[in-house]
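Take a look at the structure set out below.
The values are calculated or read from the model by the stated rules, or taken from the named source; none is laboratory data. Keep in mind that what you see is a predicted model, and the values were worked out from it rather than measured. Note that each Cβ is placed from the backbone with ideal geometry, even for glycine, and that neighbours are counted across all protein chains shown. What goes into the accessible areas is simple: the full protein's heavy atoms, side chains included, and nothing from ligands, DNA or RNA. Shrake-Rupley method; radii C 1.70, N 1.55, O 1.52, S 1.80 Å.
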Amino acid sequence: MSSRLFQEVREKRGLAYSVYSYSSSYADTGLWGIYAGCQPKRVEEVLKICREELQKVAEHGITEEELARAIGQISGSTVLGMEDTGSLMSRVGKAELCYGTHLSVDEQLAKIAAVTLDDVREVATSVLGGYRPSLAVIGPVNGKRAARITEAVS
């Protein structure tokens, strides 16, 4: 709820009920995306705001406060994930398949805590600076409207 997207799209402008970013990583590839649940008439505006926020991060990075919140959220979810058998086994399986090594929770938390603003800036520039977006829309979209929505993403 403290993310830039949530604050800008939902809290400030009331354009979407839900908005968040997510990722899935695999051994040799991955996926990073944004989800926004909004009214069909708000799609172009929501996409434009998301694109602007991504551009800001690509150009200027994030703040120390944002980094601290992210480290806290990721660390907390890592620890909470140890309480659920399914999450624990998922963590072990991912470690084996994607990384080829098993880190203790303490080792993983130390790596998370060691992330710096420069690390984030480097990844943001690499991922957001030259990415080619893909878009999936569920709802009443066709013809000229589909073209406008596609333009909002490009």
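Results for (1) modelled with pLDDT under 90; (2) among the charged types (D, E, K, R); (3) loosely packed, with under 12 Cβ neighbours inside 10 Å, shown as yes or no for each residue.
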{"site": "V46", "(1), (2), (3)": "no, no, no"}
{"site": "Q55", "(1), (2), (3)": "yes, no, no"}
{"site": "A70", "(1), (2), (3)": "no, no, no"}
{"site": "G76", "(1), (2), (3)": "no, no, yes"}
{"site": "L80", "(1), (2), (3)": "yes, no, yes"}
{"site": "R91", "(1), (2), (3)": "yes, yes, no"}
message: Suppose the filter is open to solvent by less than 80 Å² (accessible area, probe 1.4 Å) and in contact (Cβ under 8 Å) with a residue 40 or more places away in the chain; does V127 pass it?
response: yes
query: So which residues in the stretch 123-152 are in a helix (DSSP H, G or I) and within 16 Å of the chain's Cα centre (by Cα), if there are any at all?
result: V123, A124, T125, S126, V127, L128
query: Which members of the stretch 109-118 meet the condition of being surrounded by 12 or more Cβ atoms within 10 Å (Cβ to Cβ) and either under 20 Å from W32 (Cβ atoms) or in contact (Cβ under 8 Å) with a residue 60 or more places away in the chain (or both)?
result: I112, V115, L117
A110 vs. criteria modelled with pLDDT of 95 or more and hydrophobic (A, V, I, L, M, F, W, C): yes
query: If you check every pair at least six apart or on different chains, which have Cβ atoms under 9 Å apart with a residue in the stretch 91-103 that is assigned to a helix (DSSP H, G or I) first and a residue that is open to solvent by 80 Å² or more (accessible area, probe 1.4 Å) and of a type in the set (D, E, K, R) second?
result: C98/D28
